[in-house]
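Participant: Below: one structure in structure tokens.
The values are calculated or read from the model by the stated rules, or taken from the named source; none is laboratory data. Because the structure is a prediction, the values reported are computed rather than measured. Here the Cβ positions follow ideal geometry from the backbone for every residue, glycine too, while neighbour counts run over all protein chains shown.
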Amino acid sequence: MKRHIISLLMENEAGALSNVSALFSARGFNIESLCVAPTDDPSLSRMTLVTTCSESVFEQITKQLNKLIDVVKLMDLSEGVHIEREMMLIKVRAEKEMREEIKRLAEIFRGKIIDVSDNSYVIEMTGDSDKLDAFVHVIPEDHVIEVVRTGVSGIARGVKSLTL
Amino acid sequence: MELSGAEIVVQALKDEGVETIFGYPGGSVLHIYDALFQQDDIHHVLVRHEQGATHAADGYARSTGKPGVVLVTSGPGATNAITGIATAHLDSIPMVVLTGQVPSALIGTDAFQEVDTTGISRPCSKHTFLVKRVEDLAETMRKAFYIATTGRPGPVVVDIPKDITDPSVKIPYEYPRNLKMRSYSPVKKGHLGQIKKAVDLIYNAKRPIIYSGGGVVIDNSSGSLIDLARELGIPVTSTLMGLGAYPASDSQFLGMLGMHGNYEANMAMHEADVLIAIGARFDDRVTGHIAHFCPQAKIIHIDIDPSSISKNVRVDIPIVGSVKDVLNDMLRIIREGDRKIDNDGLTSWWERIEAWRGLGCLRYEQSDEVIKPQFAIETLHKVTGGDLYLTSDVGQHQMFAAQFYKFDKPRRWINSGGLGTMGFGLPAAMGVQMAHPDKQVACVTGEASILMCIQELATCKQHGLPIKIMLMNNGYMGMVRQWQEMFYEGRYSHSYVDALPDFVELTKSFGHVGMRVTKPSDLEAAMQEAFDRKDELVFLDILIDPTENVYPMIEAGKGHHVMAMSPASKQGDQR
């Protein structure tokens, strides 16, 4: 079992996203996160998809994705050097002595406090998934109010690219 | 030319060369039906249930290679069509299904006869479209036909909201003939390096076998397959879907393989050292238990769909491309070279195969009292001289037909192999007869299957379709009964179809000819009379032995080499 990050370009059309998500449920493929938005070319959407599976299942996943009519192109980012990032908005209880402590932790993780109330913060943080996991774990569990994560998006290092 | 959306739909069908469509009107497609009414080029076949429309279009497509076209309304029209769409999808049949949809402004409001057609059909079709602007309609129609008929073919659904076909809104029409899609460009030519590797492997083989599938039929590659097999002198087996692509009467043909395949075909698969899979997809009914599948073989797999390759079985030499192109490249390389296949190896391979063949795995006990289903199919072959388009429903009769009707030509054996859809046979035969008005068309069926689409007898009357229905009536869902006998200690839970209609009277009430046969000695004459009545639909209610089972049979969870044989084969009885 290995974690794969698939980056794909697809037609920005109604139904394209459901074609991809329906494929994963119909064929029993695992999907950990899925992140999608239009690109600089408004006729195309870019999707980043994370899955953990065996090599033979991964071969089927890429073949089945390629078979979808709306999918223009795809690549396995995890096959080469790449950068992955995920953004998290986390709302934490911040009262009394914990107010300072949480602010300090956020700084260590290079998070930004973007909303403050009498007893809470909202912290914005970007990084790879492990870093975000680590931050969630250092906040005492009973202080975490809400966690919102975007899912992974990624890009290859160097000149390698996924474009038309 | 300025056309309304409804006229665009009809004109696009004409521009695609469509002559026949199968459908059923309803609120959301009334504009289109009005446009159909005002022209004479496209012939519309009014079915009695939308499932019938899809199966008829499917039979039309399977017997001609041209795409089948269906027109149904929104909501229940679309949901009724789903079984037929899924049937075509699993067997890779080109089909374009036009479904009406509620007006755009009402989508999502749970309007009358509204259903999410693209959502429902997505997992059982090659692609779906929802038309959002009338300006997109012509291009969407072109895309639908292009996608349905190229690459690995399949059904494409085009969902058209009623306002898009509004007759009062006319726009300029031009059919986009030279369509290019950046997201869809199926390959045709196979990789030459891979093909050369495959040829090398074949030349080094001692026990090669060709495993041919429905892809050979779909790609019209029967001739290339025959050339390759004869050039090499090697045995050929076929899947249920591939029957007829290689002539069954040829001595190099080992018969069908798989769960109810011939002993010699399955044994040869088990013992082969090189397997050449052509347009076949290693379905579970073919492979038996995957861990025991072809344990000694290196596998070459030719398929147009990359996702078919190494899906169920790891292959050694994958070749992605159209079957015809790849086979022709392979033949060229073989003919240009001066290599010879290992003749000594091949001779002893054939000796082993002939020994397996000698067992006579299809032997059955003939009877003077009761009609054996195997005898019925053999008689059908005799009466029709092997020149027949035969559709089938699903169950024992389907397997008997596949085993005993020796198909010598492709596109003659029309059955639901992948989905196994009961109710397929009669409407499929309508599509075949529409496409081939002067040919003999028969439907072999069971009393359970035929009742699933029996209403189409009315369609046959309206359109004058002289189909011959061969009902293998044993009073049971025969295949279910067989499994209950073998694996459930004879607890025949709900497989006995109590309260059957009188099929002869039923057929007559639809305005056709119905006849009943009960004795083996009357069968041939009855079938002969049925086919002599050239302009009439004849329904033969053939009462067959209710206890007959389909043999051989790969035992559950076993490999090809562990087969249960019929009592007659075991005793070595001669018929």
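Participant: Please give the strands (runs of 3 or more DSSP E) falling wholly within region A:36-123 in which 1 or more residues are in contact (Cβ under 8 Å) with a residue 60 or more places away in the chain.
Facilitator: Of the strands (runs of 3 or more DSSP E) lying wholly inside region A:36-123, those with at least 1 residues that are in contact (Cβ under 8 Å) with a residue 60 or more places away in the chain span A:44-53, A:71-76, A:82-93.
Participant: State whether the residues of region A:26-34 include one that is in a strand (DSSP E or B) and touching a residue at least 24 places away in the same chain (Cβ under 8 Å).
Facilitator: Scanning region A:26-34, I find at least one residue that is in a strand (DSSP E or B) and touching a residue at least 24 places away in the same chain (Cβ under 8 Å), so the answer is yes.
Participant: Further question: Scan region B:289-312 and report the pairs whose first residue is more than 14 Å from every other protein chain (Cβ to nearest Cβ) and whose second residue is among the basic types (K, R) and assigned to a loop (DSSP other than H, G, I, E, B), with Cβ atoms within less than 9 Å and a gap of 6+ or a chain change.
Facilitator: Within 9 Å, the pairs are B:H289/B:K558; B:H292/B:K558; B:Q296/B:R207; B:A297/B:R207; B:I299/B:R314.
Yes/no per residue for (1) without any contact (Cβ under 8 Å) to a residue 60 or more places away in the chain; (2) over 18 Å from B:T459 (Cα atoms); (3) crowded, with 23+ Cβ neighbours inside 10 Å:
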| residue | (1), (2), (3) |
| --- | --- |
| B:E369 | no, yes, no |
| B:L390 | yes, yes, yes |
| B:F407 | no, yes, yes |
| B:M422 | yes, yes, no |
| B:K439 | yes, yes, no |
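Participant: Here's a follow-up. Considering (1) surrounded by 15 or more Cβ atoms within 10 Å (Cβ to Cβ); (2) away from chain A (no Cβ under 14 Å), say which one B:N178 fails and leave the rest.
Facilitator: B:N178 satisfies every listed condition except (1).
Participant: Okay, moving on. Given the criteria closer than 23 Å to B:F375 by Cβ, surrounded by 12 or more Cβ atoms within 10 Å (Cβ to Cβ) and of a type in the set (D, E), does B:E524 qualify?
Facilitator: Yes.
Participant: Of all the helices (runs of 4 or more DSSP H) wholly in region B:359-445, which have at least 3 residues that are more than 22 Å from B:P94 (Cβ to Cβ) and out of contact with any Ser or Thr (no Cβ under 7 Å at 6 or more places or on another chain)?
Facilitator: The qualifying helices (runs of 4 or more DSSP H) are B:373-384, B:396-404.
Participant: Right, something else. Just for region A:5-45: of the residues that are under 14 Å from the mean Cα position of the chain (by Cα) and surrounded by 20 or more Cβ atoms within 10 Å (Cβ to Cβ), which one is nearest to the other protein chains (Cβ to nearest Cβ)?
Facilitator: A:L8
For every residue, the table says whether it meets (1) surrounded by fewer than 21 Cβ atoms within 10 Å (Cβ to Cβ); (2) at pLDDT below 95; (3) in contact with a Pro (Cβ under 6 Å, 6 or more places away or on another chain).
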{"residue": "B:H44", "(1), (2), (3)": "yes, no, no"}
{"residue": "B:R48", "(1), (2), (3)": "yes, no, no"}
{"residue": "B:A56", "(1), (2), (3)": "no, no, yes"}
{"residue": "B:G68", "(1), (2), (3)": "no, no, no"}
{"residue": "B:G77", "(1), (2), (3)": "no, no, no"}
{"residue": "B:A111", "(1), (2), (3)": "yes, no, no"}
{"residue": "B:T117", "(1), (2), (3)": "no, no, no"}
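Participant: Could you identify the single residue in B:E139, B:E135 that is more than 13 Å from every other protein chain (Cβ to nearest Cβ) and charged (D, E, K, R)?
Facilitator: Just a single option satisfies the conditions, and that option is B:E135.
Participant: I would also like to ask the following. Go through region A:122-164 residue by residue and tally those that are aliphatic (A, V, I, L, M) and in contact with a His (Cβ under 8 Å, 6 or more places away or on another chain).
Facilitator: Residues that pass the stated criteria total 2.
Participant: Further, regarding this structure: Go through region B:97-120 and give me each residue that's within 14 Å of chain A (Cβ to nearest Cβ) and aliphatic (A, V, I, L, M).
Facilitator: B:I107, B:I120
Participant: Kindly evaluate B:R133 against the criterion of being over 30 Å from B:L228 (Cβ atoms), charged (D, E, K, R), surrounded by fewer than 15 Cβ atoms within 10 Å (Cβ to Cβ) and modelled with pLDDT of 95 or more.
Facilitator: It is true that B:R133 is over 30 Å from B:L228 (Cβ atoms), charged (D, E, K, R), surrounded by fewer than 15 Cβ atoms within 10 Å (Cβ to Cβ) and modelled with pLDDT of 95 or more.
Participant: For region B:407-464, which positions are of a type in the set (F, W, Y) and either touching a Phe, Trp or Tyr at 6+ places or on another chain (Cβ under 7 Å) or at positive phi (or both)?
Facilitator: Listed by number, the residues that qualify are B:F407, B:W413.
Participant: Show me the strands (runs of 3 or more DSSP E) entirely contained within region B:100-201 in which 2 or more residues are under 30 Å from B:I319 (Cα atoms).
Facilitator: B:127-130, B:155-161
Participant: Quick check, is A:M87 surrounded by 15 or more Cβ atoms within 10 Å (Cβ to Cβ), within 14 Å of another protein chain (Cβ to nearest Cβ) and either among the β-branched types (V, I, T) or within 18 Å of A:G151 (Cα to Cα) (or both)?
Facilitator: No.
Participant: Can I ask one more? Among the residues that make up region A:49-63, is at least one of them in contact with a helix residue (DSSP H, G or I) (Cβ under 6 Å, 6 or more places away or on another chain) and within 14 Å of chain B (Cβ to nearest Cβ)?
Facilitator: yes
Participant: Quick one: in region B:58-79, of everything that is part of a helix (DSSP H, G or I) and within 17 Å of B:I160 (Cβ to Cβ), which residue is farthest from the chain's Cα centre (by Cα)?
Facilitator: The selected residue is B:P76.
Participant: Applying the selection to region B:377-415, what residues are over 17 Å from the mean Cα position of the chain (by Cα) and hydroxyl-bearing (S, T, Y)?
Facilitator: B:T379, B:T384
Participant: Okay, moving on. Quick one: would you say A:E101 is under 30 Å from A:H4 (Cα atoms) and out of contact with any helix residue (DSSP H, G or I) (no Cβ under 8 Å at 6 or more places or on another chain)?
Facilitator: no
Participant: Look at B:A564 and say whether it is surrounded by fewer than 20 Cβ atoms within 10 Å (Cβ to Cβ) and modelled with pLDDT under 95.
Facilitator: In short, yes.
Participant: Moving on. Checking the condition crowded, with 16+ Cβ neighbours inside 10 Å and either in contact with a strand residue (DSSP E or B) (Cβ under 6 Å, 6 or more places away or on another chain) or within 25 Å of B:I290 (Cβ to Cβ) (or both), which residue from B:D227, B:D219, B:D159, B:D163 passes?
Facilitator: On inspection, the qualifying residue turns out to be B:D159.
Participant: Return yes when B:L130 is away from chain A (no Cβ under 14 Å) and over 22 Å from A:N66 (Cβ atoms) and no when it is not.
Facilitator: no
Participant: Within the group B:M515, B:M479, which residue is surrounded by 14 or more Cβ atoms within 10 Å (Cβ to Cβ) and assigned to a helix (DSSP H, G or I)?
Facilitator: Only one candidate qualifies: B:M479.
Participant: Step by step: first the residues of region A:64-80, then only those that are within 16 Å of A:N19 (Cβ to Cβ) and of a type in the set (A, V, I, L, M, F, W, C), then the one that is farthest from the other protein chains (Cβ to nearest Cβ). Which residue is that?
Facilitator: The selected residue is A:L74.
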